[in-house]
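Worksheet: one structure, shown below.
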Amino acid sequence: MLIRHAPDLTDNDVTDHGLYLKRRTLMAGLAGLGLAGAASEARAGLAYTKGFSTTEKPTSKDDITTYNNFYEFGVDKSDPSQKSGRFKPRPWTVRIDGACEAPRTVAIEDLIGKNRLEERIYRMRCVEGWSMVIPWIGFPLKDLLATVKPTSKAKFVAFETVMRPSEMPGQSWNTLEWPYREGLRIDEAMHPLTLMAVGLYGDVLPNQNGAPLRLVVPWKYGFKGAKSIVRISLVEKMPATSWNKLAAREYGFYSNVNPAVDHPRWSQATERRIGEFRRRETLPFNGYGEWVADLYKGMDLRANF
Amino acid sequence: MNQPTKRRKRPSKLRDNLVYAVVWLACFAPLVWLAWKGFNGALGANPIEALIRQLGVWGLRLLLVGLAITPAARIFKQPRLIRFRRTVGLFAFSYILLHLLSYVGVDLFFDWNQLWKDILKRPFITLGMLAFVLLIPLAVTSTNGWILRMGRAAWSRLHRLIYVIVPLGVIHYYLLVKADHRPPIVYGAILAVLLGWRIWAARSARLRL
């Protein structure tokens, strides 16, 4: 599947731009104006080409790197940026194993050096009802999986993330079961939109965004994007995932963005784009339905939420 | 009669006003701090959510402070502390009113249809709204005029609603938390101590009779 054109899906600008700016200024003072400058702030950290991207305006780098859910560093949005200084994303290796012919352990330098890196500007919709537009740098997960030659028994992919309580203060408390685990069905993992990100805004991934290697699945809620991955296993059975283990009724295995299926405690019909004042409509599959809806043909998305 | 001693014990009008000003400023400070942060862009990337959350948390904190005044007055034998209950209570109401207004006006942007759906479908909003509605008569009847009009006994009975309202507020907070329930549990524990003291005090008063 080749995806050439950039989609222009959600320009749900109900509010007049001047009015929005005025409100934003009222709410957040001059911080809102920082949005304008940040987009061009690409540093020469990584060599990459432009890939499949939305034409929507990226969220400011400042917001993307200070407003994070990364419970390994603490549950507040500001904890990951403030408490990840001790975390060492180098040296780093990733084990790829399970139902494959050539399991291997690969160093992060090789992943960055031997894959063709692309910038992919994706929408990110958090299960909490807010969203961002993030310029990731990475490579398709399918390219990495191809190198280990999955066998026919590989029905799912399980992601295991790092366990380092001495560097990750949030891990000393069992808010979630550590290490954080996520999973995808094999066809989701092999989908060309599914990205392994190693960079952000032209530079290597900051610690708070999941350094040195994280998963990005743009049509799913953000928590599916496991951060600081140490192991990727091809497995036959649907793997256990951290949020699902904590509250199975609230966080399903699929967790596709779906405005029609509410979280038991709040509505998923709308979202607040960070930097905007008014809520906007949430789109099925986060606006990526054209490319991914086929994966779920015939499935009851209410039951398989 | 020991007049001079007695006169020395009664605090001066000036000192009384100063203490009152300190309490008032302490209650007002979080709002000033929040407004300052808001205007300086220090509420983070999602200022609307931060504002709503902080207003709610300060409302709950002040409700707990209000509930702590009676036990403190008795334990430390400072009956004059009681006069601050009204100040603290009305400030708590104000924070909660602003909490609600910012949710309805800023977050939902006066989408009444969505508000109604939230109240019906989301237990944490149902309980929060119920707690707010129950607070209204307490705020309205907080004046001396109302105490006289209702009579002490009836007024006290009405204001016992606070023993329902604050637990509702804590549950409201607990239900909206995603994973780390420690903060609402801490507030719940403080509430349990404050209510537990009342049960204990009422029992020992009955035993003395």
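One table, with the values for the structure above:
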item: Interface area, A with B, accessible, probe 1.4 Å, both sides summed, Å² nearest 100; result: 2500 Å²
item: The stretch A:71-142: GluC sites (Glu not before Pro) falling in loop per DSSP and having at most 12 other Cβ within 10 Å; result: A:GLU101
item: Sequence of B:VAL88, B:VAL65 when ordered by accessible area, the most exposed leading, probe 1.4 angstrom; result: B:VAL65, B:VAL88
item: DSSP-loop trypsin sites (Lys or Arg not before Pro) across the stretch A:76-109, with at most 15 other Cβ within 10 angstrom; result: A:ARG86
item: Structure-based [θ]222 nm, the protein assembly as shown - -39500 (n - 2.57) summed over DSSP H runs of at least 4, per residue, nearest 500; result: -13000 deg cm²/dmol
item: Degrees separating the helix B:182-208 axis from the principal Cα axis of chain B, which is the longest one; result: 30 degrees
item: Exposed-site-free run, longest, chain B (rule: chymotrypsin sites (Phe, Trp or Tyr not before Pro); DSSP loop; at most 11 other C-beta within 10 Å); result: B:111-209
item: Cα-based shape type of chain A, given that a ≥ b ≥ c are square roots of the gyration tensor eigenvalues and the cut on a/c is 1.5; result: rounded
item: Degrees between helix A:17-28 axis and first principal axis of chain A (Cα, 0 to 90, nearest 10); result: 80 degrees
item: Unsatisfied cross-links (Cα-Cα over 27 Å) in the set A:LYS224/B:LYS37; A:LYS114/A:LYS149; A:LYS83/A:LYS237; A:LYS61/A:LYS83; A:LYS153/A:LYS297; A:LYS50/A:LYS237; result: A:LYS224/B:LYS37; A:LYS83/A:LYS237; A:LYS50/A:LYS237
item: Accessible area in the full protein assembly, largest first, 1.4 Å probe, for A:ARG164, B:ARG160; result: B:ARG160, A:ARG164
item: Whole-Hz ³J(HN,Hα) from phi, Karplus 6.51 cos²θ - 1.76 cosθ + 1.60, for the stretch B:171-180, glycine and proline x; result: 5, 3, 5, 4, 6, 8, 6, 7, 9, 9
item: Listed residues A:ARG280, A:ARG181 arranged by accessible area, highest first, probe 1.4 Å; result: A:ARG181, A:ARG280
item: Dipole magnitude (debye, nearest 20) for chain A, charges at Cβ of Lys, Arg, Asp, Glu; result: 340 debye
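The values are calculated or read from the model by the stated rules, or taken from the named source; none is laboratory data. Fair warning: this is a prediction, and the values are worked out from it, not measured in the lab. Neighbour counts are summed over all protein chains in view; Cβ atoms, including those assigned to glycine, are modelled from backbone coordinates with ideal geometry. Ligands, DNA and RNA are excluded from the accessible area calculation, which covers all protein heavy atoms including side chains. Shrake-Rupley method; radii C 1.70, N 1.55, O 1.52, S 1.80 Å.
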